[in-house]
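Enquirer: Quick one: this structure, given as structure tokens, is what I'll be asking you about.
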Amino acid sequence: MITYQKFQLDNGLTVIHHYDNSTQICALNLLYKVGSRNEDPEKTGFAHLFEHLMFGGSKNVSEFDTELQMAGGESNAFTSNDITNYYVTLPANNIETGFWLDSDRMLSLDFNQKSLDVQKNVVIEEFKERYLNQPYGDVWLKILPLAYKTHPYNWPTIGKKIEHIEAADLDQVQSFFFNYYAPNNAILVIAGNITFEDCQRLANKWFGDIPKRDTIIRKYEQEPTQLEPRKEDVYNDVPLDMLVKAYHMGGRLDPDYYACDLLSDILGSGKSARFYNRLVKEKRLFSELDTYISGDVDPGLFLIEGKLIKGVTFEQAEAAIMEELDFLKSHHIEENELTKVINKTETNILFGDISVLNRAMKLAFAEFLGDSELVNTEIDHYLSVTPETLLETAKSMFNESNCSTLYYHAKK
Amino acid sequence: MSLTRTIRPEFHQVDRLYFPDYHIIDISFGLKLYSLEAGTLPVCRLELVFDAGLAKQVKIAQASFTSSMLSEGTQNKTALALAESLDFYGSYFQTRSNADDCVATLYCLDKHLKNCLPLFLEALTDSIFPQKELDIQKKNAIQKLVVNEKKNSYLCRKLYYKNIYGEGHPYASFSEKRDIESLSREDLSSFYSKNILGGLKYALLSGKFSKASQTLILEQIKQAGFTSVTNPGVSMPITTKSGQHFFEKKDSVQSAIRIGKVSISRNHGDFRKLQFLNLIFGGYFGSRLMKNIREDKGLTYGIYSVLEPLKDASNWYIDSEINNKNREQGITEIYKELDNIRRVEIPEEELNTARNYYLGSFLRGLDGPFSLADRLKIMIDYKLPNNYYPEFVATLNNTTSQDLLETANKYFDPNNIVEVIIGKK
């Protein structure tokens, strides 16, 4: 059970406090409600580039990291389709340094050309390292635009192309900052060995005078229902053929979310999973076959991704996958198998809660979803999934008219 | 009163690091269970550490295949039956084949331990390595290998170890396709009997577990029939091929670079000073390499230096991936930094920042049961005293810029440096 208290400052900043006196550290997690889905389709990758700029100095502090390190702290951040999340851990008695630094960069960044130029280069190198210079690195760049036709999930957080990153300028940086990086568009979580009174006092002291801003969330259209199968062939210099199938599923708060997550475990998680035993081991069609869900807030994707054994054709491999999916659509899953994936989920949740930083991130994200209590009730949602729900979910999701398929061919 | 944001709030230096009490319990003659209770959630982790590292191999790929196939079947249970039971109780069974040992780990909730433990031990003490499973694993491993061989970072690592330690050295042991193809059941069984069944070094339990769980672990490991090791290995000679090794990959966008040399053991008197020096040079986000090559020049997404302590011979290296066209500039800057840290004393401010950061990172590292157990493993493996971590505070506080300059001159000397580049000419 994760206990917490919540309050809001006058400027709209939501603050959540979670107390744990068994640790000597304290975590500060600051979530901004902006991700790559809020980007202009002609200027993609910007939310992530912006995350880099947040470490390049703010109005009153020239070096964020150096100041933090001086107080024994460490920080990092990530950008997803939906949010940008910054976090700091410090020795508990130095947490005020975290308040000082993160409030100053919320107050105003130091908008400078040099930082922008350097971080553009760093991000372009990141683009190359992760997406271009790796075998299969560009899979996301291929599958997303196939699966999404209108929704901004059709590009990855790194951006559609390097040219978009190159084109970013300081005006864009400023307007993005003053629109999205506002107290009323953020959630602050303080977790660890710090009392509620100290948390309240420090939150007011450092964040209280930051003005509320008129945030306008960029509107975008929801993805229309897919009506027919989509397929694409890609040829590249990779050693093995790879098959990717992406089915549309519900969003993070839709009722089928938990069922989809369990279906993905039943098919693809661990050595007792169906795909591994039937398609990797018995039929010898794949050397690896994974399933996962994208976990996005808006309707996301259920993904199946596997590397084919040399000599196996795409058609054979795909037919075998479909056979397994058809079985899921026509047979109730046994009680035992369901208990297994739920037990596994319970382990994952508890192990994930060990670190105070993880608890802080979880609280921030649950609050962002609109239900902070989700940090404690998540397991109940899984427990309420029945064999009937799984059958119905599989039936409505695993249809080819709901699927985008990628044949990633090894160029001969 | 308005707030002054230009002045940093008061902060405190970490003045004390605390390592909790743990217990050392005899399992049977010579064999010990280290038991460390910490944390607030009812989860536990049991690790069995075997003297089954790369140096014990007679054939390449023997150690890693034996370890990864420990869960692939016993006399009474197939791989699937084992996996189904372990998964049913929500547990994880993992094995890691390392340079100096092999570790089998069971993760589970305390309430399921009584059900998982017998399965875990059965897999470890009654493995039969079925031919069918071996064939599957071999084929999958070869597929994985061909993908890795397309990655510059993999090729760079491989070439680096081969040149640092010498082709035949256990630490330079990388499997080729033919090594995997030639592995037989007998190769695995013999390695298994000798180094797993006959090579248990100790057991390490961490988390928040019940007394009953601990008692069960003691009893069942005792009955499992492992024998513990007595024979220390023989060290293999090192034959470093220093200088530049360039391997052309025409289709590369970026080059993978690794520059390094053989270094000192964790038990060496200078080791902690060298760790600290490495931190300042390339070991954290505020390091010189990161600040100069990424944050000032934007030449790379990441650059870091690592001191890798290994039993027989440690090594120290710098690693990065840099755009082909900026590669020469990047390498020049690396050597400039190396030269600089050997010539000029580290300024007081930089030293203080790094020290405070380092102490804070120890505080984070000594938080939570599994993180503590990782540190305890290091203490056991290298026979370090109980005050090893708490003593870091004094060690760091007493280290001066002058000390670090001497350390840099001793261990960052460019003599015998190996430089490996994988990329486009």
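Enquirer: Just to verify a number: FRET efficiency for residue B:184 and residue B:223, C-beta to C-beta distance, R0 = 22 Å, to 0.05?
Expert: Working: r = 31 Å, r/R0 = 1.40.
With a Förster radius of 22 Å, E is 0.10.
Enquirer: What's the average, rounded to a whole number, of partner chain beta-carbon atoms within 10 Å of each residue's beta-carbon in A:341-354?
Expert: Values: counts 3, 1, 8, 7, 1, 4, 10, 2, 1, 6, 10, 1, 3, 11.
Per-residue shielding by partner chains comes out at 5.
Enquirer: Could you please rank B:262, A:15, placing first whichever residue has the fewest other Cβ atoms within 10 Å of its Cβ? Let's see the in-between values first.
Expert: Details: B:262 18, A:15 22.
The most exposed by this proxy come first: B:262, A:15.
Enquirer: Now, a different point. To the nearest µm²/s, what D does Stokes-Einstein give for the range A:5-207 at 4 °C and 1.567 mPa s, using the Kirkwood radius over alpha carbon pairs as Rh?
Expert: Numbers: Rh = 17.9 Å.
Here the translational diffusion coefficient equals 73 µm²/s.
Enquirer: Still on this structure, I have one more. Partner chain Cβ atoms within 10 Å, averaged over the residues of B:299-307 - can you pull that number for me? Can you show the working numbers first?
Expert: Details: counts 4, 6, 10, 4, 0, 0, 0, 0, 0.
That average works out to 3.
Enquirer: Related question: How far apart, in nm, are two points set 7 Å out from the Cα along the Cα-to-Cβ line at residue A:377 and at residue A:283?
Expert: Calculated label separation equals 4.0 nm.
Enquirer: Using the count of nearby Cβ atoms within 10 Å as a rough guide to exposure, how do B:215, B:66 rank from fewest to most? Don't jump to the answer; show the numbers that get you there.
Expert: Numbers: B:215 11, B:66 27.
Fewest to most other Cβ atoms nearby, the residues stand as B:215, B:66.
Enquirer: By count of other Cβ within 10 Å, fewest leading, how are A:189, A:173, B:420 ordered? Walk me through the intermediate numbers first.
Expert: On the way: A:189 29, A:173 20, B:420 25.
Final ranking by Cβ density, sparse to dense: A:173, B:420, A:189.
Enquirer: Then there is this: For helix A:170-180, report the angle its Cα long axis makes with the longest principal axis of the Cα atoms of chain A; keep it between 0 and 90° and round to the nearest 10°.
Expert: 90 degrees
Enquirer: Looking only at the range B:1-42, which residues have a backbone nitrogen under 15 Å from a spot 7 Å from the Cα of residue A:59 in the C-beta direction?
Expert: B:2-7
Enquirer: When the chain is fully extended, how far beyond the present Cα-Cα distance does residue B:391 get from residue B:75, taking 0.36 nm per residue of separation?
Expert: Numbers: separation 316, 0.36 × 316 = 113.76 nm, distance 4.91 nm.
Here the answer is 108.9 nm.
Enquirer: Calculate the spin-label point distance for residue B:410 paired with residue A:237, positioning each point 7 Å from the Cα along the beta-carbon direction, and give it in nanometres.
Expert: 4.6 nm
Enquirer: Quickly rank A:356-362, A:19-25 as a protection proxy: mean count of other C-beta atoms within 10 Å, highest first. Present the calculation step by step, with values, prior to reporting the outcome.
Expert: Details: A:356-362: 22.1, A:19-25: 17.7.
Highest mean packing first, the order is A:356-362, A:19-25.
Enquirer: Now, a different point. Given the options B:368, B:283, B:166, state which has the largest fluctuation in a GNM of chain B using a 10 Å cut-off (strictly under) for Cα springs.
Expert: B:368
Enquirer: If you look at just the Cα atoms of the protein assembly as shown, how large are its Rg and its Dmax in Å?
Expert: Rg then Dmax for the protein assembly as shown, in Å: 27.1, 79.
Enquirer: Now for a separate question. Set the Förster distance to 25 Å, then compute FRET efficiency between residue A:323 and residue B:132 from the Cβ-Cβ distance, nearest 0.05.
Expert: With R0 = 25 Å, the Cβ-Cβ based efficiency is 0.70.
Enquirer: With a cut-off of at most 12 other beta carbons within 10 Å, and DSSP calling the residue loop, which GluC sites (Glu not before Pro) in the range A:155-261 qualify? Please list them. Please list the in-between numbers first.
Expert: On the way: sites: A:163, A:166, A:197, A:221, A:232; in loops: A:221.
Those that pass, being in a loop and sparsely packed, are A:221.
Enquirer: Once the principal axes of the Cα atoms of chain B are found, what is the range along each, listed largest first in whole angstroms?
Expert: In descending order, the Cα extents are 64, 60, 44 Å.
Enquirer: Lys and Arg at +1, Asp and Glu at -1: add these up for the other residues within a Cβ distance under 12 Å of residue A:399 and post the number. Don't jump to the answer; show the numbers that get you there.
Expert: On the way: positive: A:245, A:329, A:395; negative: A:228, A:326, A:400.
The answer is 0.
Enquirer: Along the three principal axes, how long is chain A when you take its alpha carbons, biggest first, rounded to the nearest angstrom?
Expert: That works out to 63, 47, 36 Å along the principal axes.
Enquirer: Quick one: net charge of residue B:18's neighbours, Cβ under 15 Å, K/R +1, D/E -1? Please report the intermediate quantities before stating the final value.
Expert: Values: positive: B:16, B:364, B:375; negative: B:15, B:21, B:37, B:367, B:391.
Here the count lands on -2.
Enquirer: I would also like to ask the following. Considering the Cα positions of the range A:74-168, please state its Rg to one decimal place and its Dmax as a whole number of Å.
Expert: Radius of gyration, then largest Cα-Cα span, for the range A:74-168: 16.9, 50 Å.
Enquirer: A further question follows. Need one number: nm distance between label points at residue B:6 and residue B:324, each 7 Å from Cα along Cα→Cβ, rounded to one decimal.
Expert: So the label points at residue B:6 and residue B:324 sit 5.0 nm apart.
Enquirer: Then there's this: Ranking request for peptides B:220-229, B:351-360: highest mean number of other beta-carbon atoms within 10 Å first, then the rest in descending order.
Expert: Values: B:220-229: 16.9, B:351-360: 21.5.
Sorting B:220-229, B:351-360 by mean packing, highest first, produces B:351-360, B:220-229.
Enquirer: If you don't mind, another one. Set the bar at 26 Å for Cα to Cα. Now go through A:411/B:177; A:114/B:424; A:59/B:336; A:161/A:212; A:128/A:219; A:120/A:160 and name every pair that lies beyond it.
Expert: Numbers: A:411/B:177 21 Å; A:114/B:424 29 Å; A:59/B:336 32 Å; A:161/A:212 34 Å; A:128/A:219 30 Å; A:120/A:160 15 Å.
Violating the 26 Å Cα-Cα cut-off are A:114/B:424; A:59/B:336; A:161/A:212; A:128/A:219.
Enquirer: So how tilted is helix B:79-88 from the main axis of chain B? Cα-based, degrees 0 to 90, rounded to 10.
Expert: 70 degrees
Enquirer: Residues of the range A:363-385 with amide nitrogen under 16 Å from the 7 Å Cα-to-Cβ point of residue A:6?
Expert: Those under the cut-off are A:363-378.
Enquirer: Still on this model: Average partner chain C-beta neighbours within 10 Å, per residue of A:18-24? It would help to have the intermediate numbers written out before the result.
Expert: Working: counts 0, 0, 1, 1, 5, 6, 8.
For this peptide, the per-residue mean of nearby foreign Cβ atoms is 3.
Enquirer: Using Cα atoms only, what is the angle between the long axis of helix B:113-125 and the major principal axis of chain B, expressed in degrees (0 to 90) to the nearest 10?
Expert: It works out to around 90 degrees.
Enquirer: Within the range A:258-289, whose backbone N sits under 12 Å from a point 7 Å along Cα→Cβ of residue A:332?
Expert: Under cut-off, by backbone N: nothing.
Enquirer: Using only Cα atoms, figure out Rg for the range B:243-423 and give it as a multiple of 2.2 N^0.38 Å. Write down the numbers at each step before the final one.
Expert: Details: Rg = 17.1 Å, N = 181, 2.2 N^0.38 = 15.9 Å.
Rg over 2.2 N^0.38 Å, computed on Cα atoms: 1.08.
Enquirer: Pairs A:344/B:151; B:273/B:325; A:281/A:344; A:340/B:77; B:261/B:383; A:142/B:132: which are spaced more than 27 Å apart, C-alpha to C-alpha? If you can, show how the numbers build up before the last one.
Expert: Values: A:344/B:151 33 Å; B:273/B:325 36 Å; A:281/A:344 22 Å; A:340/B:77 18 Å; B:261/B:383 25 Å; A:142/B:132 37 Å.
From A:344/B:151; B:273/B:325; A:281/A:344; A:340/B:77; B:261/B:383; A:142/B:132, over 27 Å: A:344/B:151; B:273/B:325; A:142/B:132.
Enquirer: Separate question: Suppose R0 equals 35 Å. What FRET efficiency, 1/(1 + (r/R0)^6) with r the Cβ-Cβ distance, do residue A:161 and residue B:208 give to the nearest 0.05? Don't skip to the answer; put the middle values down first.
Expert: Details: r = 49 Å, r/R0 = 1.41.
Rounded to the nearest 0.05, the efficiency is 0.10.
Enquirer: Straight-line reach from residue B:162: which aspartates and glutamates have Cα under 14 Å away, leaving out those fewer than 8 places along the same chain?
Expert: B:176, B:419
Any read-out appearing in this document is the output of simple, stated calculations on the displayed coordinates, not a laboratory observation. In this text, all values refer to a predicted model and were calculated from it rather than measured experimentally. Don't worry about glycine lacking a Cβ; one is built from the backbone with ideal geometry, like all the others, and counts go over all protein chains shown.
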